[in-house]
Amino acid sequence: MERGHLSSVTCAGSYIDSYDPSTGEVYCRVPNSGKDEIEAAVKAAREAFPGWSSRSPQERSRVLNQVADLLEQSLEEFAQAESKDQGKTLALARTMDIPRSVQNFRFFASSILHHTSECTQMDHLGCMHYTVRAPVGVAGLISPWNLPLYLLTWKIAPAIAAGNTVVAKPSELTSVTAWMLCTLLDKAGFPHPASCLQRQKGATAGVPPGVVNIVFGTGPRVGEALVSHPEVPLISFTGSQPTAERITQLSAPHCKKLSLELGGKNPAIIFEDANLDECIPATVRSSFANQGEICLCTSRIFVQKSIYTEFLKRFVEATRKWKVGIPSDPLASMGALISKAHLEKVRSYVKRALAEGAQIWCGEGVDKLNLPARSQAGYFMLPTVITDIKDESCCMTEEIFGPVTCVVPFDSEEEVIERANNVKYGLAATVWSSNVGRVHRVAKKLQSGLVWTNCWLIRELNLPFGGMKSSGIGREGAKDSYDFFTEIKTITVKH
Ligand code: NAD
């Protein structure tokens, strides 16, 4: 991506500097749209809705598959851009972010063909009842910076597969692949009057213009304009809990349909009968993958007392081997954090832990970062392991969203379930044990939308994804996304 690429298009309003996290330098500028661009995008989406929603699922499916094919053909280009813009390793962008974005389109292109509705009879009254589902209208989609294209497409694909038209906003910190997606959607027959592009009315046959509109800019400016718009009846949001609170307030006067996918403070529970050869590398990965910037990352590790010392020794050794490097380094397991402000915030948790008397076993303040000269001002941090910390500490209760994890001992199953549940979040948990009965028992009692046992981050897109408590409202997945992006109606016929 060249400097200034995003700003090379006419855009009403201002621009935001976008930083390369691996150098700390500004490398492009992102349009900072506002109310006028939202008005234009919503208008275009409204106009496109009747045409798009009346297409058959098969026709919509074909277009989604076309987008998937085009994206797959450009996988390397998108992976390079995502890595540069976000700071993640190129290897991760190549193997996870972009392939999963491709899969999002393919998955919903397929699942949209397989929904059925319900029908019941009341013979004694001469009635039959059935349900129909219809797309809601213009869907407002807002996504965060940690998995930029992956999460944006996880919203766009089900929304349009179900027949909605969309106005989507990526994070202002990571807008580049969303911008590239605009060009690609044009090729697939989705001309999009994005906030800063000229509308190409009638430019292609088949698909109405305005089905997908992508707007760029900050949350308080363009995000709030989208959420508050009276003609956007549905908001799908992935991001932090404080933003979700604001979105809920702004949506309340309009009774909008809301899906909120928020943060977590995810526990890993490691019993004495766990297979440590598998558990340790998986827990290093679950703690530090994508710089610890995944909502599903482990940040509290509860280890049964009898194996605590052995686990800690081996876990710290394995963490020290987790190389931090520039995103293009093929040997790097971790790249740079998203921003200077975020790096400082993550580091501040380590300082607070130290002030509370905790011990830092490796990483921040203990080991030395080894980076090339050009990356000295990049937002890098070593994976950090904290022990001797109380459950009440902010490091054990607040989402840090960086490469910091706490390891604490426990005695019994009942005790660890209670401690694991004792936070406001409830997104994901992992349980490690070779006792099948225990695995089922513990998984059932954890207050968590997802529980992985003896593994981490194996996703089945058909099944519900989402969090409990402050981790969100609603679920996403084949049926769940379809339910969210459609309205159901019950029809009764007397014969
Ligand atoms: P954030 O809440 O700051 O921003 C998310 C998006 O909301 C961005 O596009 C931002 O511009 C927009 N936004 C900000 N303020 C807004 C407002 N007032 N009105 C409308 N939109 C607004 O979150 P972030 O820092 O980008 O992302 C990190 C958070 O996302 C973490 O808490 C993480 O756990 C969470 N997350 C959750 C999931 C999940 O599936 N549960 C997945 C990824 C990330």
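Annotation for the stretch 372-451: trypsin sites (Lys or Arg not before Pro) lying in DSSP loop with at most 15 further Cβ atoms inside 10 Å of their Cβ are LYS390, LYS424.
When DSSP beta bridges are limited to those with both residues in the stretch 266-453, what percentage is antiparallel, rounded to the nearest 5? Walk me through the numbers on the way to the answer.
Values: 3 of 24 bridges.
About 10 percent, rounded to the nearest 5.
Provide, for q = 0.05, 0.08 Å⁻¹, the log10 of I(q)/I(0) from a solvent-free Debye sum over equal Cα point scatterers in the chain. After summing over all Cα pairs, the log10 values are -0.20, -0.51. Restricting the GluC sites (Glu not before Pro) of the stretch 397-486 to loop positions (DSSP other than H, G, I, E, B) with no more than 10 neighbouring Cβ atoms within 10 Å leaves GLU460.
Please sort by residue number the GluC sites (Glu not before Pro) in the stretch 347-397 whose DSSP state is loop and whose Cβ has at most 16 other Cβ atoms within 10 Å. If you can, show how the numbers build up before the last one.
Working: sites: GLU356, GLU364, GLU392; in loops: GLU356, GLU364, GLU392.
Of the GluC sites (Glu not before Pro), the ones in loops of the stretch 347-397 whose Cβ has at most 16 other Cβ atoms within 10 Å are GLU356, GLU392.
For the stretch 331-343, backbone phi angles converted through the Karplus equation (6.51, -1.76, 1.60; θ = phi - 60°) give residue-by-residue couplings of 8, 6, 8, 9, x, 9, 6, 5, 8, 5, 4, 5, 4 Hz, Gly and Pro being listed as x.
Based on C-alpha pairs under 8 angstrom that are at least 6 apart in sequence, the chain has a relative contact order of 18 percent. Ordered from highest to lowest accessible area with the whole protein assembly present and a 1.4 Å probe, LYS257, LYS368, LYS84 read as LYS368, LYS84, LYS257. Taking the inverse of the mean reciprocal distance over all distinct Cα pairs, the Kirkwood hydrodynamic radius of the stretch 261-355 comes to 14.7 Å. What fraction of the DSSP beta bridges in the chain is antiparallel, stated in percent and rounded to the nearest 5? Counting only bridges with both partners in the chain, antiparallel ones make up about 40 percent. From most to least packed by mean Cβ count within 10 Å, the peptides 300-313, 117-130 give 300-313, 117-130. Measuring against 26 Å, Cα to Cα, the residue pairs LYS88/LYS351; LYS351/LYS424; LYS424/LYS444; LYS84/LYS479; LYS84/LYS169 contain LYS84/LYS479 as the ones spanning a longer distance.
Computed over the stretch 266-453, relative contact order equals 29 percent, with contacts defined as Cα pairs under 8 Å that lie 6+ residues apart. Summing +1 for each Lys or Arg and -1 for each Asp or Glu among the other residues whose beta-carbon sits under 12 angstrom from that of LEU75 gives -4. Nonpolar atom fraction for the stretch 49-127, defined as the carbon and sulfur part of the 1.4 Å probe accessible area, stands at 51 percent.
Taking only protein heavy atoms and a 1.4 Å probe, what accessible area per residue, in Å², does the stretch 250-325 have with all protein chains in place?
On the way: 2610 Å² over 76 residues.
Ligands and nucleic acids excluded, the result is 34 Å² per residue.
Per DSSP helix of 4 or more residues, -39500 (n - 2.57); summed, then divided by the residues of the chain. What does that give at 222 nm, rounded to the nearest 500? Computed mean residue ellipticity for the chain: -11000 deg cm²/dmol. Rolling a 1.4 Å probe over the protein heavy atoms of the stretch 266-453, with every protein chain left in place, gives an accessible area that is 52 percent carbon and sulfur. Per-residue surface analysis assigns PHE237 an accessible area of about 10 Å², computed on protein heavy atoms at 1.4 Å probe radius.
The values are calculated or read from the model by the stated rules, or taken from the named source; none is laboratory data. Please read these numbers as outputs of a predicted model, since none were measured by experiment. All Cβ positions, even for glycine, are placed from backbone atoms using ideal geometry, and neighbour counts span all protein chains on display. For accessibility, only protein heavy atoms count, side chains too; no ligands or nucleic acids. Shrake-Rupley method; radii C 1.70, N 1.55, O 1.52, S 1.80 Å.
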